[in-house]
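See below for the structure under consideration.
Derivation of every value follows stated rules applied to the coordinates shown; laboratory data play no part. Predicted, not measured: the structure shown is a model, and the values here were computed from it. FYI the Cβ positions are ideal-geometry reconstructions off the backbone, even for glycines, and counts take in every protein chain you see.
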Amino acid sequence: MPRTYKSVVLLASSIAIVSVASSQTIDINRQNKTIAISTTDEAVAIADIATITVGFEINGPDSQSTYIKGGNLSQAILKAVRAVGVDDAQIESTGQEMTKTTEFDPKITPEERKETAFTFNQSWQVSVPAPRAAEIIRSAIGAGANKTGEIAWQYSDRKALQAKAAEASLVKARAVAQRMAEGLNVKLGALIYASNHIPIAQVMRGMGGGLATDSAEVSTIGGRQPVPLPKLEIRPQTIREEATVYAVFAIE
């Protein structure tokens, strides 16, 4: 889910503000005796929060019986999720809908069309610590949540990650300014202005440690016997924050 973050501006002394480019730029002003540099760097961390989409979709011959079936399934799924330690504060509804089927697979029989005349679906978002993602998915599916598994990965301390990215960018800016000053045979002075711009957070796929859950038995609805479910292997994504820093250094 895209998020926009406000820029943070730090002023050490008064100086004319010039535009900031997203890529590295260098501006040497001999009159004002400054070197202005724009650099970008990043900080990464393994996601520690998993927001899981849990949901189901069922069919029925009429709206009333389909609703009753859906209501029973809805309660069974949340009961299973709560049974593994998820609080109501961690569960948010994202949608529920009853619709009449208007298009059917031409291969199905008239009786099958009658039994699928209505569709009911419901979904929630369940936020848990990343290591518990597989357990929650397994429990929900075992209870009948047949539209479950999508995960939005997050990192809890985003401000700290943003600050780390900005710090890395500033260190990089000073290193570039130092090389420029040496090339000009001048001495690099103090940092007199800096601003960092935090862009939209990005996710790096295919990185991070693996998570696994043991097999377990989860009761299902309808009086059936507990179903033994296999373990799931889930790897949390790596969250990346980028920061572009515009820094102005004095030269002597």
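Roughly how many whole Å is it from the C-alpha centroid of the stretch 115-152 to that of the stretch 75-106?
7
Starting with the fewest neighbours, write out 112, 135 ranked by other beta-carbon atoms found within 10 Å of each beta-carbon.
112, 135
Checking the table 147/231; 79/231; 69/114; 33/159; 33/172 against a 28 Å threshold on Cα-Cα, which pairs fail?
Check vs 28 Å cut-off fails for 33/159.
If I model the stretch 49-154 as equal point scatterers sitting on the Cα atoms and use the Debye formula, what is log10 I(q)/I(0) at q = 0.10, 0.14, 0.15 Å⁻¹?
-0.32, -0.57, -0.64
Convert each backbone phi in the stretch 170-186 into a coupling constant with the Karplus relation 6.51 cos²θ - 1.76 cosθ + 1.60 (shift: θ = phi - 60°), then list the ³J(HN,Hα) values in order as whole Hz, x for Gly and Pro.
Computed from phi, the couplings for the stretch 170-186 are 5, 4, 5, 4, 5, 4, 5, 4, 4, 5, 5, 4, 5, x, 8, 6, 10 Hz.
Cut-off is 10 Å between beta-carbons; in what order do 65, 74, 156, 169 appear when sorted fewest neighbours first?
In order of increasing Cβ crowding within 10 Å: 65, 156, 74, 169.
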